[in-house]
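Peer 1: Below is a structure I'd like to ask you about.
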Amino acid sequence: MKIGVTKFPGTNNEQDVLRALSSFGIEGVLIYEKDTDKLKDLNALIIAGGFSFGDYLRPGIIAAKTAIMQELPKFVEQGNFVIGICNGFQILCETGILPGVLTTNRSTKFVSRWVYVKINKSNSVLLRNSENKIWRIPIAHFDGNYYATNEQIAELKKKNQIALQYSDEEGVISENSNPNGSMDNIAGITNKEGNVLGLMPHPERASFSYLGSEDGRTIFQNLIEELK
Amino acid sequence: MVLVLEKLYSGKAKDVITLGGEKVKIVFRNSISAFDGVKVDELKGKGEANCKISKLLFEILNHYGIETHYLKQESKNELICKKVEIIPVESVCRNITAGSFCRRYGVEKGIPFEKPIVELFYKNDELHDPLVTEEVAISLGWINEKENIIIKAVTLAVNYILVAVFKKIGLTLVDFKLEFGRTKDGKLILADEISADTMRLWEENSGEIKDKDRYRKDLGSVVDHYNDIAFRLEQIKELPKIKLKTKVRVTIDLKVSVLDPAGDITIRSLLRLGYKQVSKVNIGKSIVISFTSVPGSKLWDVTETISNEILANPLIETYSIDFSFE
């Protein structure tokens, strides 16, 4: 099993993702923007967070136009798994692989803190056995405010693609538990087929007890089990 | 098969004949007229001279990337061009005061402008081709906003090129008129003629008039001077190296349905400072891209592609384009 982790200029979470993977005995492979030839050997690609290319124009847009990302639709179509974390989620939206876009937080502030997310009934094996669970997981972003058209939101709901929603500790989803203004408190979504997951919270930073939470491990565990 | 030729248009000095395959033949006649047809004459060789000047100038403009209707010269007084729908607005670019500009504003002839001036005129003989503001031309549906931007920028680019070309042969380009047309697929390109009938040219050294003003002012030997312009243009061995620069500004705004946190924060501050009349603040982006090419329909399409693919996210943003040629 070979899992790639992207590293663009400005990506700063790739080591955290590699560490989470290695705790399962998996050595992830760093994938750079021109490594299109390496895609064929991968079973999954994790697009790590950070600020790719500085995120100056719009978060994720420049990375979305790199050679590796232009090849991604094919990779996804072949049924391979793709997980976009934080900036990775923004990149997936800008490539059009996931619907919607992440815009500036309602507070206009960078938000870096622990939040709770409720795991919904999902079409993705990456969230297997997690329905209705409430995770404690950190977020750290300036543009995490999920926006999509009403039709897109309705479609996401219909196909069980709204994977994670910001909630309180009890799993109550309300404005009070919305850290960034996301529509419907959306923290993460999947594609129709369920092999692509994009999320603003950082599961790799909630993968060890010494970090304060292990809730995020589930995603990596499910991925690895599925690839075995 | 019988080829039916259709006369599309017959003007004061030219005929336009429709050919197949979205092409037309432009026939330059020897007739010349001035003062809205009050003064009319036939001048032998005038059609051929203007045909040659047009051909040479279109070839020069094509060389620099200006999109024109010119395809090739067919005979001494005929050009083959792309078929276009001529728009009823013509643009005039002025480097030095002359002609109707002096009459309209009561200014002296021969004063150079600090920056070239572009004016729009409504092509209508009965109304004597009145000056028209861009606002009127757009609101009466003669041109749209995009065409207005392209016309102005292309006119300035053509001026920049022709000033340099004529300088090389010792002539001063005082002013000129351009006409534009829409191709079948809606692209705006340079059309009609660019000749001694549609511009003012003075000898750089003596100030001697070389253009149609010779006819208007009864200065004589009109065709000789037209032929001299053509001759000197033909002698140019190497076209001047011109650094072309078109600045394209793409302005991006958030759609009204999308939350604008930065705008909301700003309006709160403005209200706090006592600007009670402020009702909404929207914060967008302005991106300026410099191209080393001339403005035109092609560059507009390139800018639209860039805007759709990268600069703006159509889900949450709208954009508008502006050209400036420097």
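The values are calculated or read from the model by the stated rules, or taken from the named source; none is laboratory data. In this text the structure is predicted, and so the values were computed from the model without any measurement. With ideal geometry, Cβ positions are generated from the backbone for all residues, glycine too; neighbour counts draw on all protein chains shown. Note: areas computed on protein heavy atoms with side chains; ligands, DNA, RNA excluded. Shrake-Rupley method; radii C 1.70, N 1.55, O 1.52, S 1.80 Å.
Peer 1: Mind jotting down the distance between the C-alpha centroids of the range A:153-185 and the range A:106-144, whole Å?
Peer 2: The range A:106-144 and the range A:153-185 have Cα centres spaced 9 Å from each other.
Peer 1: OK, next. For chain B, report the translational diffusion coefficient in µm²/s to the nearest whole number, using Stokes-Einstein at 25 °C, 0.890 mPa s, and a Kirkwood Rh over Cα pairs. Write out the running numbers ahead of the final one.
Peer 2: Values: Rh = 21.9 Å.
Rounded, D is 112 µm²/s.
Peer 1: Using 0.36 nm per residue, how much length does the chain from residue B:15 to residue B:301 gain when fully extended, once their Cα-Cα distance is taken away?
Peer 2: Numbers: separation 286, 0.36 × 286 = 102.96 nm, distance 3.21 nm.
Full extension of this stretch gives 99.7 nm more.
Peer 1: Given the convex hull of the Cα atoms of the protein assembly as shown, what is a quarter of its surface area in nm²?
Peer 2: Details: hull surface 142.4 nm².
Computing the convex hull of the Cα atoms and averaging its projections yields 35.6 nm².
Peer 1: Quick one: which bits of the range B:283-326 get at least 50 Å² less accessible when the partner protein chains are in, versus the chain alone, with a 1.4 Å probe?
Peer 2: B:310, B:313, B:315, B:316
Peer 1: What is the sum of charges, Lys and Arg at +1 and Asp and Glu at -1, for the other residues whose Cβ falls under 14 Å from the Cβ of residue B:64? Provide the component values of the computation, followed by the final result.
Peer 2: Details: positive: B:168, B:241, B:243, B:245, B:298; negative: B:59, B:67, B:238.
Net charge in that neighbourhood comes out at +2.
Peer 1: Chymotrypsin sites (Phe, Trp or Tyr not before Pro) within the range B:111-212: which are DSSP loop residues with at most 10 other Cβ atoms inside 10 Å?
Peer 2: On the way: sites: B:113, B:121, B:122, B:142, B:160, B:166, B:176, B:180, B:202; in loops: B:142.
In loop regions of the range B:111-212 (DSSP not H, G, I, E or B), there are no sparsely surrounded chymotrypsin sites (Phe, Trp or Tyr not before Pro).
Peer 1: Heavy atoms only, 1.4 Å probe, whole protein assembly: order B:253, A:37, B:197 by accessible area, highest first. Write down the numbers at each step before the final one.
Peer 2: On the way: B:253 70, A:37 95, B:197 25 Å².
My answer, sorted largest first, is A:37, B:253, B:197.
Peer 1: Quick one: which residues, 5+ away or cross-chain, put their amide H under 5 Å from the amide H of residue A:182? H built at 1.01 Å from N.
Peer 2: A:146
Peer 1: Going by Cα centres, the range B:108-182 and the range B:46-82 are how many Å apart?
Peer 2: Rounded to whole Å, the Cα centres lie 19 Å apart.
Peer 1: Across the range A:3-227, how large is the tail of the calculated P(r) beyond 29 Å, expressed as a percent of all Cα pairs?
Peer 2: Details: 4028 of 25200 pairs.
For the range A:3-227, the share of Cα pairs beyond 29 Å comes to 16 percent.
Peer 1: Now for a different question. Between residue A:131 and residue B:318, what is the label-to-label distance in nm when each label sits 7 Å out along the Cα-to-Cβ direction?
Peer 2: Distance between the two pseudo-spin positions: 4.3 nm.
Peer 1: Still on this structure, I have one more. Taking the range B:169-233, which trypsin sites (Lys or Arg not before Pro) meet the DSSP loop condition and have no more than 15 other C-beta atoms within 10 Å? Working shown, then result.
Peer 2: Numbers: sites: B:177, B:182, B:184, B:187, B:200, B:210, B:212, B:214, B:216, B:217, B:232; in loops: B:184, B:187, B:210, B:212, B:217.
Those that pass, being in a loop and sparsely packed, are B:184, B:217.
Peer 1: Out of all DSSP beta bridges in the protein assembly as shown, what portion is antiparallel? Express it as a percent rounded to 5. If you can, show how the numbers build up before the last one.
Peer 2: Working: 88 of 103 bridges.
Antiparallel: roughly 85 percent of the beta bridges in the protein assembly as shown.
Peer 1: Within the range A:125-224, which GluC sites (Glu not before Pro) sit in a loop by DSSP and count at most 10 neighbouring Cβ atoms inside 10 Å?
Peer 2: Values: sites: A:131, A:151, A:155, A:169, A:170, A:175, A:193, A:204, A:214; in loops: A:131, A:169, A:170, A:193, A:214.
Hits after loop and neighbour filter: A:169, A:170.
Peer 1: With a 1.4 Å probe and every protein chain left in place, tell me how much accessible area residue A:134 has, in Å² to the nearest 10.
Peer 2: 60
Peer 1: Moving to a separate point now. Please arrange B:189, A:97 by accessible surface area, largest first, computed with a 1.4 Å probe and ligands excluded. Don't jump to the answer; show the numbers that get you there.
Peer 2: Details: B:189 10, A:97 30 Å².
The ranking, largest first, comes out as A:97, B:189.
Peer 1: If I take R0 = 56 Å and measure r between the Cβ atoms of residue B:129 and residue B:285 in this structure, what FRET efficiency does the formula 1/(1 + (r/R0)^6) give, to the nearest 0.05?
Peer 2: Numbers: r = 41 Å, r/R0 = 0.73.
It comes out at approximately 0.85.
Peer 1: What number, rounded to the nearest 500 deg cm²/dmol, is the helix-based mean residue ellipticity at 222 nm of chain B, given -39500 (n - 2.57) per DSSP H run of at least four residues and division by all its residues? Mind showing how you got there, number by number?
Peer 2: Details: 8 runs with 94 residues, N = 326.
About -9000 deg cm²/dmol.
Peer 1: Not counting ligands, DNA or RNA, and with a 1.4 Å probe, what is residue B:231's accessible surface area in Å² rounded to the nearest 10?
Peer 2: 120
Peer 1: Determine, from the Cβ-Cβ distance of residue B:136 and residue B:36 and an R0 of 22 Å, the FRET efficiency 1/(1 + (r/R0)^6), rounded to the nearest 0.05.
Peer 2: 0.55
Peer 1: Return the Cα extents of the range B:36-108 along principal axes one, two and three, sorted largest first, each rounded to a whole Å.
Peer 2: Ordered largest first, the range B:36-108 gives principal extents of 43, 33, 23 Å.
Peer 1: How much length, in nm to one decimal, is gained on full extension between residue B:326 and residue B:217, taken as 0.36 nm per residue of separation minus their Cα-Cα distance? Present the calculation step by step, with values, prior to reporting the outcome.
Peer 2: Numbers: separation 109, 0.36 × 109 = 39.24 nm, distance 3.45 nm.
Here the segment from residue B:326 to residue B:217 would lengthen by 35.8 nm.
Peer 1: Report the Stokes-Einstein translational diffusion coefficient (µm² s⁻¹, integer) for the range B:135-282, Rh taken as the Kirkwood radius over Cα pairs, at 10 °C with viscosity 1.306 mPa s. Each step should come with its number before you reach the end.
Peer 2: Values: Rh = 19.9 Å.
Answer from the Stokes-Einstein relation: 80 µm²/s.
Peer 1: Next question. Which lysines, on any chain, are close to residue A:34 with Cα under 23 Å apart, when same-chain ones fewer than 8 places away are left out?
Peer 2: A:2, A:7, A:65, A:74
Peer 1: Which residue, B:243, B:39, B:280, tops the fluctuation ranking in a GNM of chain B built on C-alpha contacts under 10 Å?
Peer 2: The residue that fluctuates most here is B:280.
Peer 1: In addition: Which links in B:55/B:298; B:12/B:46; B:72/B:247; B:52/B:177; B:52/B:212 stretch past 24 Å when you go from one Cα to the other? Before the final figure, lay out the partial values.
Peer 2: Details: B:55/B:298 22 Å; B:12/B:46 13 Å; B:72/B:247 31 Å; B:52/B:177 17 Å; B:52/B:212 15 Å.
Over 24 Å apart, Cα to Cα: B:72/B:247.
Peer 1: Ok, one more. Return, for the Cα atoms of the range B:246-325, the radius of gyration and Dmax in Å, separated by a comma.
Peer 2: Cα-based Rg and Dmax for the range B:246-325 come out at 15.9, 48 Å.
Peer 1: Give me the orientation-averaged projected area of the Cα convex hull of the range B:219-290, in nm², one decimal. List each step's numbers first, then the result.
Peer 2: Details: hull surface 48.4 nm².
That works out to 12.1 nm².
Peer 1: Okay, next question. Taking 8 Å as the Cα distance limit and 6 or more residues as the minimum spacing, I'd like the relative contact order of chain B as a percentage. Don't skip to the answer; put the middle values down first.
Peer 2: Numbers: 586 pairs, mean separation 51.7, N = 326.
Over chain B, the number comes to 16 percent.
Peer 1: For chain A, what is the calculated [θ] at 222 nm in deg cm²/dmol (nearest 500), taking -39500 (n - 2.57) for each run of four or more DSSP H residues and dividing by its residue count?
Peer 2: It comes out at -6000 deg cm²/dmol, rounded to the nearest 500.
Peer 1: How much length is gained if the chain between residue A:228 and residue A:70 is pulled fully straight, taking 0.36 nm per residue apart and subtracting their Cα-Cα distance, in nm to one decimal? Walk me through the numbers before you get to the answer.
Peer 2: Working: separation 158, 0.36 × 158 = 56.88 nm, distance 2.74 nm.
Taking 0.36 nm per residue and subtracting the Cα distance, the gain is 54.1 nm.
Peer 1: Here's something else I'd like to know. Straight distance only, please: which aspartates and glutamates reach the Cα of residue A:158 with their own Cα at less than 15 Å, same-chain residues fewer than 8 apart left out?
Peer 2: A:184, A:193
Peer 1: So how far, in whole Å, is the C-alpha centre of the range B:218-289 from the one of the range A:1-32?
Peer 2: 45
Peer 1: Taking a probe of 1.4 Å, how large is the accessible area per residue of the range B:246-325, in Å²? Please list the in-between numbers first.
Peer 2: Working: 4360 Å² over 80 residues.
Using a 1.4 Å probe on heavy atoms only, each residue of the range B:246-325 averages 55 Å².
Peer 1: Using only Cα positions of the range A:141-228, each an equal point scatterer, no hydration layer, compute I(q)/I(0) via Debye at q = 0.16, 0.19, 0.21 Å⁻¹ and quote the log10 values to two decimals.
Peer 2: Log-scaled intensity ratios, in q order: -0.73, -1.00, -1.16.
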